[in-house]
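The values are calculated or read from the model by the stated rules, or taken from the named source; none is laboratory data. Only a predicted model underlies this, so the values are computations on that prediction, with no experimental measurement involved. Neighbour counts run over all protein chains shown; Cβ positions are idealised from the backbone, glycine included. Side chains are part of the model used for accessible areas, which takes the heavy atoms of the whole protein and leaves out ligands, DNA and RNA. Shrake-Rupley method; radii C 1.70, N 1.55, O 1.52, S 1.80 Å.
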Amino acid sequence: MGAIGQLFIVCSPSGAGKTTLCRKLMERFAELRFSVSHTTRPRRPQEVDGRDYHFIDADAFERMAGSGEFVEWALVHGNRYGTSHAELRAALREGRMILLDVDYQGAAQIRAQYPNATAVFILPPSLAVLRERLRQRGTETPESLELRFRNALREIEAYPQFDYLVVNDELERAVEALCGIVLAERARRTRRAEAAERLLAEAAALNRSGNSPTAG
Ligand code: ADP
Ligand code: 5GP
C-alpha cells in the first residue's frame with residue numbers, strides 16, 4: 001500500500017496567531033500542503049484567491065454544500081467556511097502532511113471522519129493580548145472585532161477535544177513548539193512501522209542465508 005497523508009489541524013480563537021504560525025510552519029516543512037478552504041467571507045486586501053481561500057458567494061457555497069462537496073463546513077463569525085473533499089483527496093493521495101486551518105466545529109467534524117488526524121489548539125497568552133492582536137491586525141470592523149472576541153470564549157472552551165495546546169506568547173517559541181509537534185507526529189510508531197519491518201525482513205533474509213545477525 002502507498003503512503004497515506006496525515007491531517008494536521010491547527011485551530012484557535014481569531015487573532016491568537018494561527019495564520020502567522022501556519023505560514024511559519026510551511027516555511028520549515030516544504031512538504032506540508034495547506035488545505036485551501038472555501039469561504040463566503042469577503043477577501044481581505046492582502047489575501048489571494050486560491051492561495052488563502054477560495055472566495056465564493058453564498059449561493060455557490062450553498063450549492064457545494066448541497067451536493068456534498070464538503071468534508072466539513074461551519075458558520076463562523078457570521079460567514080461560512082468549508083473544507084472540500086477535492087482539497088483533501090489530492091493531498092492524501094500524494095501521501096503528504098496536510099495543514100488545515102479550521103475552527104473548532106470543523107476540527108470535530110474532520111476528526112469524526114479521520115480519527116488519526118492530529119489537532120492543535122493555539123491559545124493567546126491572555127484575553128487582553130488577543131483583543132490587541134485583533135485590533136492591530138487592522139482587518140476587522142469594530143463589530144466584527146467584537147463578535148470575534150465574544151466568540152473566543154466558546155472556542156477556548158472546546159480545548160479538551162485537542163491533542164496539543166500551544167500558547168502563542170513569543171512567536172519563535174510558539175513556532176518551535178509547533179515544529180516539535182509535527183516532528184513527533186511524524187515519528188509515531190504507527191507511521192514508522194514500515195522502517196522497523198524492513199529491518200526485520202532484512203534480518204530474516206540474512207538468517208535464511210546462514211548469516212544471522214542475531215546468532216552468536
Ligand atoms: P489568526 O489567524 O489566529 O486570526 P493572525 O495570525 O492573523 O491570527 O494574527 C493576529 C495578529 O497578531 C497579526 O497581526 C499577527 O501579526 C499578530 N501576531 C501573531 N502572533 C504573534 C505573536 N506571537 N506576538 C505578537 N504578535 C503576533
Ligand atoms: P478568518 O476569517 O479569520 O480567516 O477565519 C475565521 C475562522 O474560520 C478561523 O477560526 C478559521 O480557522 C476558520 N476556518 C477557516 N477555514 C475553515 C474551514 O474550512 N472550515 C471551518 N470549519 N472553519 C474554517
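The table below gives the values:
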{"quantity": "Some residue of segment 23-45 being surrounded by fewer than 12 Cβ atoms within 10 Å (Cβ to Cβ) and either within 12 Å of ligand 2 (Cβ to nearest atom) or at positive phi (or both)", "calculated": "yes"}
{"quantity": "Condition met for L100 (open to solvent by 30 Å² or more (accessible area, probe 1.4 Å), of a type outside the set (S, T, N, Q) and touching a helix residue (DSSP H, G or I) at 6+ places or on another chain (Cβ under 8 Å))", "calculated": "no"}
{"quantity": "Residue match in segment 77-86 (condition: at pLDDT 95 or above and of a type in the set (A, V, I, L, M))", "calculated": "no"}
{"quantity": "S14 vs. criteria open to solvent by less than 60 Å² (accessible area, probe 1.4 Å) and in contact with a strand residue (DSSP E or B) (Cβ under 7 Å, 6 or more places away or on another chain)", "calculated": "no"}
{"quantity": "Filter result for the condition that a residue is within 16 Å of ligand 1 (Cβ to nearest atom), open to solvent by less than 80 Å² (accessible area, probe 1.4 Å) and polar (S, T, N, Q), over Q109, Q105", "calculated": "Q105"}
{"quantity": "Pick from segment 48-86, criterion near ligand 2 (Cβ under 9 Å from one of its atoms) and not in a strand (DSSP E or B), ranking: surrounded by the fewest Cβ atoms within 10 Å (Cβ to Cβ)", "calculated": "H77"}
{"quantity": "Sole exception among (1) within 15 Å of ligand 1 (Cβ to nearest atom); (2) touching a Ser or Thr at 6+ places or on another chain (Cβ under 7 Å); (3) not basic (K, R) for L206, by number", "calculated": "(1)"}
{"quantity": "Every pair of residues 6+ apart whose Cβ atoms lie under 8 Å, when the first sits in segment 106-121 and is closer than 20 Å to A152 by Cβ while the second is assigned to a helix (DSSP H, G or I) and of a type in the set (S, T, N, Q)", "calculated": "A107/Q161; A108/Q161; A119/Q161"}
{"quantity": "Filtered residues of segment 160-187 (kept if within 15 Å of ligand 1 (Cβ to nearest atom) and touching a residue at least 24 places away in the same chain (Cβ under 8 Å))", "calculated": "F162, L165, V166, V167, N168, D169, L171, A174, V175, L178, C179"}
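Rundown of residues vs (1) without any contact (Cβ under 8 Å) to a residue 24 or more places away in the chain; (2) touching a helix residue (DSSP H, G or I) at 6+ places or on another chain (Cβ under 8 Å), yes/no style:
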site: Q6; (1), (2): no, yes
site: P13; (1), (2): no, yes
site: G17; (1), (2): no, yes
site: F34; (1), (2): no, yes
site: R41; (1), (2): no, no
site: Q46; (1), (2): yes, no
site: A65; (1), (2): yes, no
site: V71; (1), (2): no, yes
site: H77; (1), (2): no, yes
